[in-house]
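**Student:** The structure that follows is given in the form of structure tokens.
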Ligand SMILES: Nc1ncnc2c1ncn2[C@@H]1O[C@H](COP(=O)(O)OP(=O)(O)OP(=O)(O)O)[C@@H](O)[C@H]1O
């Protein structure tokens, strides 16, 4: 299974150094990414989604350097941005068709996938209603569905589950876990429940660098006590 290798990635906005040398690997499975507001999470995610050019550093997908030629990465990418949504006058079906065309996927293959994708996010009964009439959580689920078009090998999710109720959150977690069996998934979220339920590994960004790879449940410890320490403390 391909891995995305990120090497010494740097991004600067004027005087702000948003990423100060990020190195990490995204193998198959769910990698959770946390960090305080302004830590650089969205900048990292936008750079990995090829929307932001890095000032320095390298992106390597499946052994191929894609830093300057992002085509191979774009072809395998599914992406849920932090902000933005589907065009309100389009139905979810039309929006997924539009996104399929934008991703240059085969139109027939896209049409064949749409019912299952909408069912997967529990919008099967709303396939032909304009997205503008949807609740916030429903609109978010349309974005999750479009990210899964074409069965992407690399799935990048920026706060994907904001606004989902308990039942839909559970459905989302199951969907992501299932997809992560055959793809590298990067999940950026402040929602610990999602990380606990899905993440195989957890990274923390602080001031534009990865400060601590670790386990999801350990990241909650404010003093970063190792697991053994926690167990002894509880005994
Ligand atoms: N387009 C931009 N122009 C100037 N500065 C930017 C831009 N985008 C991000 N920054 C700055 O880069 C730093 C990292 O921002 P980023 O949005 O990546 O953080 P974040 O971890 O995603 O935060 P949040 O949790 O609030 O979404 C911040 O200091 C921010 O002000």
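FYI, it's all coordinate maths here, none of it is from the lab. The shown structure was predicted, so the numbers you read here are calculated from the model rather than taken from an experiment. As a convention, Cβ positions derive from the backbone with ideal geometry for all residues, glycine included, and neighbour counts pool all protein chains shown.
**Student:** Return one quarter of the surface area of the convex hull spanned by the alpha-carbon atoms of region 83-161, equal to its mean projected area, in nm².
**Tutor:** Result: a mean projected hull area of 4.8 nm².
**Student:** What's the angle, to the nearest 10 degrees (0 to 90), between helix 107-120's Cα axis and the longest principal axis of the chain?
**Tutor:** 70 degrees
**Student:** Let me ask another. Give the percent of DSSP beta bridges with both residues in the chain that are antiparallel, rounded to the nearest 5.
**Tutor:** Antiparallel bridges: around 50 percent, rounded to the nearest 5.
**Student:** Which of 73, 59, 24 moves the most in a Gaussian network model of the chain with Cα springs under 10 Å?
**Tutor:** Of the options given, 24 has the highest mean-square fluctuation.
**Student:** With everything on Cα atoms, drop me the angle between helix 166-179 and the longest principal axis of the chain, reported from 0 to 90° to the nearest 10.
**Tutor:** 80 degrees
**Student:** Given the Cα-Cα distance of residue 82 and residue 20 and 0.36 nm per residue of separation, how much length would full extension add, in nm?
**Tutor:** Between residue 82 and residue 20, full extension yields an extra 20.2 nm.
**Student:** Over the alpha-carbon set of the chain, work out the extent along each principal axis and list the three values in angstrom, largest first.
**Tutor:** Its Cα atoms span 53, 47, 35 Å along the three principal axes.
**Student:** Can I ask one more? May I ask you to derive the FRET efficiency for residue 133 and residue 13 from their Cβ-Cβ distance with R0 = 30 Å, giving the value to the nearest 0.05?
**Tutor:** E between residue 133 and residue 13, to the nearest 0.05, is 0.20.
**Student:** Taking every pair of distinct Cα atoms and averaging 1/r, then inverting, what Kirkwood hydrodynamic radius in Å comes out for region 1-49?
**Tutor:** With all distinct Cα pairs of region 1-49 included, I get 11.7 Å.
**Student:** Follow-up question, since we're still on this one. Have a look at region 1-105 and give its Rg and Dmax from the Cα atoms, expressed in angstrom.
**Tutor:** Radius of gyration, then largest Cα-Cα span, for region 1-105: 15.2, 43 Å.
**Student:** 222 nm [θ] for the chain, helices only, -39500 (n - 2.57) per DSSP H run of 4+, per residue, to 500?
**Tutor:** -10000 deg cm²/dmol
**Student:** Still on this structure, I have one more. Considering only C-alpha atoms, what is the centroid distance from region 168-211 to region 17-40, in Å?
**Tutor:** Using only Cα atoms, the two centres lie 12 Å from each other.
**Student:** For region 90-224, what log10 I(q)/I(0) values come out of the Debye formula at q = 0.11, 0.15, 0.19, 0.20 1/Å, with one point per alpha carbon and no solvent?
**Tutor:** -0.44, -0.76, -1.09, -1.17
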